[in-house]
Amino acid sequence: MNVELKGTVHAIFSEEQISDNYKKKSIVISVDEETSYPQQIICHAGNTKIELLNGFQHGDKVKVQCNLKGKGSNGKYFNNLELWKIEKGN
């Protein structure tokens, strides 16, 4: 499922080596900033998508496209937003 977020870069974390074949870098986007309840949403860029985050910094207005993924394991359930596109916003 495709998810689009428009907001402001709140944080960009350092690249993490998760396994021999997978690394990721995470970005936090602040959305709904003009409301009483702004949200901070974390997205992860994996492997070749990490380079998409180059040139972005805290305070930048952005539009982000992610795939919403979910899975279950041992009665616990997890969601993940996997970034595949990011561009400067207004």
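Each value in this text was obtained by applying a stated rule to the coordinates, not by laboratory testing. Everything numeric in this text was worked out from a predicted model, so none of it was measured. Backbone-built Cβ (ideal geometry, glycine too); neighbour counts: all protein chains shown.
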Here the gain from full extension of residue 48 to residue 13, 0.36 nm per residue of separation minus their alpha-carbon distance, amounts to 11.0 nm
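What GluC sites (Glu not before Pro) in the stretch 13-69 are in a loop by DSSP, with at most 15 other Cβ atoms within 10 Å of the Cβ?
Sparse-neighbourhood loop GluC sites (Glu not before Pro): 15, 33, 34.
Could you tell me what % of all Cα pairs in the chain have separations over 15 Å?
Values: 2405 of 4005 pairs.
Roughly 60 percent, once rounded to a whole number.
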